[in-house]
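To start, the structure under review is shown below, and the notes come after it.
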Amino acid sequence: MNEIEIVFRMQIKEYFKDKGALIFHLCAVVLIGIVAPLFRMNDTVLLSGAILFPLILLKQWTANSFAGEKEMKTIETLLSSPIKSKSLFYGKCMYCFVCSGVYYLSIFILMLLVKTFTKEHFQINFWEWVGMLILFIQILLTVTLIGVDRSITSDDIQTANSKLTVVFYPIYIYIVILFNLFTQHLMVATYLLSAVFLVVLMGVNSYFIFIKVKKMDRSYFLRSHLKR
């Protein structure tokens, strides 16, 4: 079995052990994906909720990925395993990315079903859906890569969350601005802002995947401890 898949499966098992968090997340999916559309909230609110909730979960999961291991004193055990450093990083990233993506798709599909049932439609054409999906995937990937990296260099979850705030809030503000431009039918500004942000995101993701991760070794995961 691939090492990345092993780490991914381990994280999934841990997630399903926390029944309280699982129930809370599922209830949130129902509220955002079913209840909100039934109350006929405008498209900006609905789409923002569909995107921001998975991002909030992603922020928590990435911050906890390695900083949580350090808090629980299990980081040494994890690093003493024969699994390669890159596989540990990508396995944690895969868990965070896939889970947040599943929640996004679940909310989105539920919204479409409710809209169909109530005979309403999002005012978005096919190519705009495709563009939004590509942009959101890149946002998820960027937050995942940066978040897990910040978690590695943090001694606790609180510190990792603080570091992630610098990344999360600009993205949050961008999403709000983007949907406001879209609902006001300022399409040229919407497309231009999306294109510029997409290029930035792809640049950040390429840096992590092709440069930074290649330099990761066991000492990188313990660097914050060594500085103390």
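The values are calculated or read from the model by the stated rules, or taken from the named source; none is laboratory data. Since this is a predicted model, take the numbers as computed values, not measurements. No Cβ is skipped: glycine too gets one built from the backbone with ideal geometry, and neighbour counts run over all protein chains shown. To get the accessible areas, we keep the full protein, side chains included, count just its heavy atoms, and leave off ligands, DNA and RNA. Shrake-Rupley method; radii C 1.70, N 1.55, O 1.52, S 1.80 Å.
For this structure, a couple of remarks:
- Rounded accessible area of Lys84 (nearest 10 Å², 1.4 Å probe): 140 Å²
- From phi via Karplus (6.51, -1.76, 1.60), per-residue ³J(HN,Hα) for the range 26-40 in Hz, x at Gly/Pro: 5, 4, 5, 4, 5, 5, 6, x, 10, 5, 4, x, 5, 7, 6
- Per residue, the range 67-176 exposes an accessible area of 48 Å² to a 1.4 Å probe, with every protein chain left in place.
- Whole-percent carbon and sulfur share, accessible surface of the range 1-120, 1.4 Å: 70 percent
- Accessible area ranking (1.4 Å probe, heavy atoms, ligands and nucleic acids excluded), largest first, for His25, His185: His185, His25.
- Given 16 as the ceiling on other Cβ atoms within 10 Å, longest exposed-site-free region of the chain for chymotrypsin sites (Phe, Trp or Tyr not before Pro) in DSSP loops: 123-228
- Estimated FRET transfer efficiency (Phe122, Ile83; beta-carbon r; R0 30 Å; 0.05): 0.10
- List Cys93, Cys27, ordered by accessible area with a 1.4 Å probe, largest first: Cys27, Cys93
- Accessible area per residue was computed with a 1.4 Å probe on protein heavy atoms; Arg218 scores about 70 Å².
- With helices as the sole contributors, the chain gives -26000 deg cm²/dmol at 222 nm; each DSSP H run of n ≥ 4 counts as -39500 (n - 2.57), and the sum is divided by every residue.
- Spin-label pair Asp217-Asn180: with each label point 7 Å from Cα along the Cα-Cβ axis, the two points sit 4.9 nm from one another.
- Percent RCO, i.e. relative contact order, over the chain, from Cα pairs under 8 Å lying at least 6 residues apart: 30 percent
- Maximal additional length on extending the Phe39-Ile173 stretch stands at 45.8 nm, based on 0.36 nm per residue less the C-alpha distance.
- The range 85-135: C-alpha gyration tensor shape, a/c 1.5 cut-off, then a/b vs b/c: oblate
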